[in-house]
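The values are calculated or read from the model by the stated rules, or taken from the named source; none is laboratory data. Nothing here was measured: the structure is a model prediction, and the numbers come from that model. Backbone-built Cβ (ideal geometry, glycine too); neighbour counts: all protein chains shown.
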């Protein structure tokens, strides 16, 4: 009976511990090259990137991390980050308005690939601006965990924002 009285409290303590979900966000790059253009931004993504889930991929199988997620939907984080970066490069930036340049971004891939021998993130974004288009693709190595993948995503997005600003000015 004494053993049972000792086991029951341990059972409740073990069952009461919760798994904590870690939230991540995107850090935006600072681009301080002012232009007199105005630009409008529209960001679209496939449904899997319109969520807070951070995806890892092994082979062709793609799954979300259980205890790590974005602080907002991934496409919204990209939209806000790109907006902030381009606001520093252009006189005015709008969402869904007419401007000198109408920019449409489509997120085609944002995954953490974790194979046995290597781990990296892939970020693919197609950009359409007035009569031109360009595909941006980034592959950044990282450790096989969500925190490292988020750090790699931040590096890729920072590079994307710089490359996007250069492309829009050309």
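Structural remarks
- Residue 166 surrounded by fewer than 14 Cβ atoms within 10 Å (Cβ to Cβ) and either part of a strand (DSSP E or B) or out of contact with any strand residue (DSSP E or B) (no Cβ under 9 Å at 6 or more places or on another chain) (or both): yes
- Taking the criterion of being closer than 13 Å to residue 24 by Cβ and in a strand (DSSP E or B), the residues of region 35-54 that qualify are 53, 54.
- Filter result for the condition that a residue is assigned to a helix (DSSP H, G or I) and in contact with a helix residue (DSSP H, G or I) (Cβ under 6 Å, 6 or more places away or on another chain), over 85, 156, 110, 149: 85
- Being at pLDDT 80 or above and part of a strand (DSSP E or B) is true of residue 120.
- Residue check for residue 126: surrounded by fewer than 15 Cβ atoms within 10 Å (Cβ to Cβ), modelled with pLDDT of 85 or more and under 16 Å from the mean Cα position of the chain (by Cα): no
- The one condition from (1) at pLDDT below 90; (2) surrounded by fewer than 15 Cβ atoms within 10 Å (Cβ to Cβ) that residue 31 does not meet is (2).
- Residue under evaluation residue 47, criteria (1) under 15 Å from the mean Cα position of the chain (by Cα); (2) modelled with pLDDT of 70 or more; (3) surrounded by 13 or more Cβ atoms within 10 Å (Cβ to Cβ), criterion not met: (3)
- Number of positions in region 130-146 that are out of contact with any helix residue (DSSP H, G or I) (no Cβ under 9 Å at 6 or more places or on another chain), modelled with pLDDT of 90 or more and surrounded by fewer than 20 Cβ atoms within 10 Å (Cβ to Cβ): 5
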